[in-house]
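Remarks on the structure that follows.
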Amino acid sequence: MPDAIVIKQLAHTYRGGAPVLHGLDLTIAEGEFVGLIGLSGAGKSTLLRCINGLITPTGGSCIVLGEAVEKMPESERRLLRRRIGMIFQEFNLVDRLTVLKNVLIGRLGYLPTLSSCLHRFPASDVSLARECLAQVGLTEFEGRRVRDLSGGQKQRVAVARTIAQGAKIILADEATANLDVLTKDEIMDLLKDLVRDTGATVLFSMHDIALARRYCTRIIGLKNGAITFDAAPDQLDDAAVADVLARAEHGAMK
Amino acid sequence: MKIIAMLSRLVGFLALAALIVWSFVGMEIDRAHLPTGVAAGFSFVGRMIPHGKADFRYDLSLRDQIMQPLLDTIQMAVVGTVAGAIMAFPMSFFAARTSVFPRSLSAAIKSYLNVSRAIPTIVYALIILSAIGLGKTAGSIAIGYVTFISLSKLYAEALESVSQGPIDAVRASGGNSVQVFVYGMMPQVFPHYLATSLYSFEYNLKDSFIVGIVGAGGLGAQLLDSIHEFKLLDTGVIIALLIVLVNVVDYCSYRVRAVFS
């Protein structure tokens, strides 16, 4: 399998803050389902945001789908981001818009600015968005406003949005943290099917160790901005978990 | 530290209590004359209300006199609100504390807005009247300027309360800055913009009465004249119209806000 993400000596320090990432090296192949575990403040979100170029790292390199993100100007990053879906803990949908519109937001990167800002979408994109909604089981909700949905339904809309993007890589930032046990499984199953059907790569930051063991093909432990564990889920024993989640005496804690 | 915090809170509380007591004592309410005063007040209001057919016929006869100034009042409020809102829209982006423009620009604009807001509309009306003369144009400009100032501030506050989440999501799926603005920000601020603009229109209807008093057009002049000339039936009609107008606008704005919430 070709590499989806190659990270070399990645380091990042927020302006006026302590270093968050310290020289990370990481290679993720296409089709992997990677769980990223670690305490809050360990640098998980920062790592994900370096990969899609929302953050420019202060050191090192992220080569995503063969291109070095940190070297790209914003216009090129936009083109790359179309192929990288992102789902969030807080869902981050546009609450006042309909479910269908929120899925269509995944097509914005492919559309001309003027017509898309007038909320005009080509018929082909609308039918694609409907297929994506069918895939996550929300067909009958397309005309509903997002704010009237439950948490699990909202997250399924977010998954449909990344499918509509045609994403090759899906970054999930604690995307199941606000959901109940059964709904967590629904979302994970959707992502697992997506990996199987489209060969997409998933990088999922999470706190739920049991969930990570069940769904991921590989688990990475991040502690104080460095990788301290990287192996298959069956090797993540309780001692390894305790080590990753141990609070260091001098960490990059907030 | 705790003691200092407690002491400063106590001083603040005592100062507030002193202010309230001083204000009420300053009223110099004459208790002996209170009953006759209240009775006089009621009789004043009573004489605004028509009694009998003749009074009603008189009220109706005012129609021609009052209709034009009433329409002027509505026009002033509409023009002032629309012009003020249109100017406030771009201004609010510079006034808001966001990551786009430097903080010093926002601070400078906000202090300008605060200074301008402290001055009542009637003062602006007087200044503009002396520049361009009597009439509703002066009133519209004064109301438009005050609307521009207050909406700039309120719009900016709405922008500052926007949540970053949807903005990140639209950016992360490949949207450009215009698309981020239209899909990530506008849906969040639009209901606030609409509600504050409609509220400002209601407020402007009342303001356009006030500026009329100094001769900037509208019903305000008629209102003041009727009181001075003791034509209290006229006063009653004008006040009734104001009550109806403000409530109709309030109801309409409620319905509009419900649709666009």
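The values are calculated or read from the model by the stated rules, or taken from the named source; none is laboratory data. If you're wondering where the values come from, they're calculated on a predicted model, not measured in any experiment. Counting neighbours? That spans all protein chains shown, and the Cβs are built from the backbone with ideal geometry, glycine included.
Every residue in segment A:47-63 that is on the phi < 0 side of the Ramachandran plot and either facing chain B (nearest Cβ under 8 Å) or surrounded by fewer than 21 Cβ atoms within 10 Å (Cβ to Cβ) (or both), please. First the steps, then the outcome.
We begin by selecting, within segment A:47-63, every residue on the phi < 0 side of the Ramachandran plot; these are A:47-52, A:54-59, A:61-63.
Result: A:R49, A:N52, A:L54, A:I55, A:T56, A:T58, A:G59, A:S61, A:I63.
Under the condition of being on the phi < 0 side of the Ramachandran plot and part of a strand (DSSP E or B), the residues counted in segment A:1-33 number 21.
Could you say whether any residue in segment A:105-114 is more than 9 Å from chain B (Cβ to nearest Cβ) and either in contact (Cβ under 8 Å) with a residue 12 or more places away in the chain or outside any loop (DSSP other than H, G, I, E, B) (or both)? Before the answer, list the steps.
Going residue by residue through segment A:105-114, those that are more than 9 Å from chain B (Cβ to nearest Cβ) are A:112.
Those still in the list that are either in contact (Cβ under 8 Å) with a residue 12 or more places away in the chain or outside any loop (DSSP other than H, G, I, E, B) (or both) too: none.
No, every residue in segment A:105-114 fails to be more than 9 Å from chain B (Cβ to nearest Cβ) and either in contact (Cβ under 8 Å) with a residue 12 or more places away in the chain or outside any loop (DSSP other than H, G, I, E, B) (or both).
In segment A:212-228 there is at least one residue that is at pLDDT 90 or above, among the polar types (S, T, N, Q) and assigned to a strand (DSSP E or B).
Hey, A:L171 hits all of (1) assigned to a helix (DSSP H, G or I); (2) within 14 Å of another protein chain (Cβ to nearest Cβ); (3) not basic (K, R) but one; which does it fall short on? It fails just one condition, (1). As a summary of the residue check, A:G143 satisfies the conditions (1) surrounded by 17 or more Cβ atoms within 10 Å (Cβ to Cβ); (2) more than 14 Å from chain B (Cβ to nearest Cβ) except for the one numbered (1).
Here B:I122 fulfils each of the conditions (1) within 14 Å of another protein chain (Cβ to nearest Cβ); (2) of a type in the set (A, V, I, L, M); (3) more than 18 Å from B:M87 (Cα to Cα) apart from (1).
List the helices (runs of 4 or more DSSP H) inside segment B:169-261, counting only whole elements, that have at least 3 residues being more than 24 Å from B:S150 (Cα to Cα).
B:220-228, B:232-259
Confirm whether B:S23 is of a type in the set (S, T, N, Q) and under 30 Å from B:T137 (Cβ atoms). The answer is no for B:S23.
Condition check ((1) within 14 Å of chain A (Cβ to nearest Cβ); (2) within 30 Å of A:A160 (Cβ to Cβ); (3) surrounded by 19 or more Cβ atoms within 10 Å (Cβ to Cβ)) across all residues:
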{"position": "B:L151", "(1), (2), (3)": "no, no, yes"}
{"position": "B:S163", "(1), (2), (3)": "yes, yes, no"}
{"position": "B:R171", "(1), (2), (3)": "yes, yes, yes"}
{"position": "B:G184", "(1), (2), (3)": "yes, yes, yes"}
{"position": "B:A195", "(1), (2), (3)": "yes, no, no"}
{"position": "B:H228", "(1), (2), (3)": "no, no, no"}
{"position": "B:D250", "(1), (2), (3)": "no, no, no"}
{"position": "B:S253", "(1), (2), (3)": "no, no, no"}
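The residue of segment B:107-128 that is farthest from B:F181 (Cα to Cα), among those that are crowded, with 17+ Cβ neighbours inside 10 Å and free of Cβ contacts under 8 Å to residues at least 60 places away in the same chain, is B:Y124. Closer than 22 Å to A:L26 by Cβ and at pLDDT below 90: does that describe A:A172? Criteria not met by A:A172.
For residues that are surrounded by fewer than 23 Cβ atoms within 10 Å (Cβ to Cβ), aliphatic (A, V, I, L, M) and either in contact (Cβ under 8 Å) with a residue 60 or more places away in the chain or within 12 Å of another protein chain (Cβ to nearest Cβ) (or both), tally how many sit in segment A:64-90. Spell out the reasoning first.
Filtering segment A:64-90 down to residues surrounded by fewer than 23 Cβ atoms within 10 Å (Cβ to Cβ) leaves A:65-68, A:70-80, A:82-83, A:89-90.
Imposing the further condition that a residue be aliphatic (A, V, I, L, M) reduces the set to A:65, A:68, A:72, A:79-80.
Then keep just the ones that are either in contact (Cβ under 8 Å) with a residue 60 or more places away in the chain or within 12 Å of another protein chain (Cβ to nearest Cβ) (or both); that gives A:65, A:79-80.
Here the count works out to 3.
Looking only at residues in segment A:146-157 that are loosely packed, with under 14 Cβ neighbours inside 10 Å and charged (D, E, K, R), the one that is nearest to A:K101 (Cα to Cα) is A:R147.
Just the residues that are of a type in the set (G, A, S) and either within 22 Å of B:K206 (Cβ to Cβ) or surrounded by 12 or more Cβ atoms within 10 Å (Cβ to Cβ) (or both), please, taken from segment B:55-106. Even if it seems obvious, please write down each step before you answer.
So in segment B:55-106, the residues of a type in the set (G, A, S) come out as B:61, B:77, B:80, B:83-85, B:88, B:92, B:95-96, B:99, B:104, B:106.
Result: B:A77, B:G80, B:A83, B:G84, B:A85, B:A88, B:S92, B:A95, B:A96, B:S106.
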